[in-house]
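Right, one structure below, let's go through it.
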Amino acid sequence: MRIRSLLLLLVITLVAAFAALNWHVFLADTPLSLGVTTVQAPLGLIMLGLLIFMVAYCLVYVLYLQSNVLLDMRRNAKELQTHRELADKAEASRFTELRNFLEAGMKQRAEQDKAAQQALMARLDTMENTLRSSVEQSGNSLSAYMGEIEDRLIPDKNEPASLR
């Protein structure tokens, strides 16, 4: 963009220098035809005025285009910021939902673990009671067998010898 500006400035300087060097020619009256009539006027001055008018018109047009571009950029930047904030809010809500989902899953898993632990403890208690009763029954049976063997091996003194 800087080269274009320098080139434009150089062209304007050359035109101004040309006009300054030939100013007496620019002011010389010449007959000009307007289609319907003929008038005496300085042709160079009229052409210089038209050139200045066209340059001014082009500058105004360029400024108009640049202002439209800047306004569009500003509007687009605002829309982009709005969409970015909306996306950030949506992402934050997704993170919140994910955290809530994970917390609910962890609570459910903890409840399942607790229920499984309670069921396991109940089963262990049942097995322990069963084992105790089995051991007690085995001990009672063993005592009964020992007593019976003892009765057979050691004769009772009160018993008659014929029964022995």
Output row, site residue 125, 7 Å Cα→C-beta label point, backbone N cut-off 20 Å, window region 76-113, residues 111-113
List the relative contact order of the chain as a percent without decimals, with contacts defined as Cα pairs under 8 Å and 6+ residues apart.
-> 8
What's the percent breakdown of Cα-Cα distances in the chain across 10 Å bins, shortest bin first?
-> 7, 11, 10, 8, 7, 7, 6, 6, 5, 5, 5, 4, 4, 4, 3, 3, 2, 1
List the aspartates and glutamates whose Cα lies under 17 Å from the Cα of residue 107, skipping any in the same chain that are fewer than 8 positions away.
-> 97
Relative to the longest principal axis of the chain, what angle (0 to 90°, nearest 10) does the C-alpha long axis of helix 2-21 take?
-> 10
Cα-based Rg and Dmax for region 80-135, in Å, come out at 23.9, 80
Which three semi-axes in whole Å describe the equivalent ellipsoid of region 6-96, each the square root of 5 times a Cα gyration tensor eigenvalue, listed largest first?
-> 57, 16, 5
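Can you compute the FRET efficiency between residue 77 and residue 109 using 1/(1 + (r/R0)^6), with r the Cβ-Cβ distance and R0 = 41 Å? Round to the nearest 0.05.
Values: r = 47 Å, r/R0 = 1.15.
Between residue 77 and residue 109 the formula returns 0.30.
Only the coordinates and a few stated rules stand behind these numbers; no lab work does. Just so you know, these numbers come straight off a predicted model, no measurement behind them. We place every Cβ from the backbone using ideal geometry, glycine too, and count neighbours over all the protein chains shown.
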